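The values are calculated or read from the model by the stated rules, or taken from the named source; none is laboratory data. Keep in mind the model is a prediction, meaning the values are calculated, not measured. Quick reminder, even Gly has a Cβ in these numbers, built from the backbone with ideal geometry, and neighbours come from all protein chains shown. Areas reflect the complete protein model, heavy atoms only, side chains present, ligands, DNA and RNA absent. Shrake-Rupley method; radii C 1.70, N 1.55, O 1.52, S 1.80 Å.
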Amino acid sequence: MKKSIFKLLAKLNKALLPSFTKKELDVTKASKFQLAIIGWRAYITINSLD
């Protein structure tokens, strides 16, 4: 059940949140909000793959 929730969140992330890799964002120049989004997306992706 936990994995299915993370898979759903991963699909929502892909649809709703911006992709900074497509925008070629430099992580060293990212704002705190952008870093939070990157961290959130990484956390959801890692847990959906387990």
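Within the range 4-43, which residues are of a type in the set (Lys, Arg) and open to solvent by 90 Å² or more (accessible area, probe 1.4 Å)?
LYS7, LYS11, LYS14, LYS22, LYS23, LYS29, LYS32
With respect to ILE46, determine if the residue is surrounded by 14 or more Cβ atoms within 10 Å (Cβ to Cβ) and either assigned to a helix (DSSP H, G or I) or modelled with pLDDT of 90 or more (or both). No; evaluated as a whole, the condition is false for this residue.
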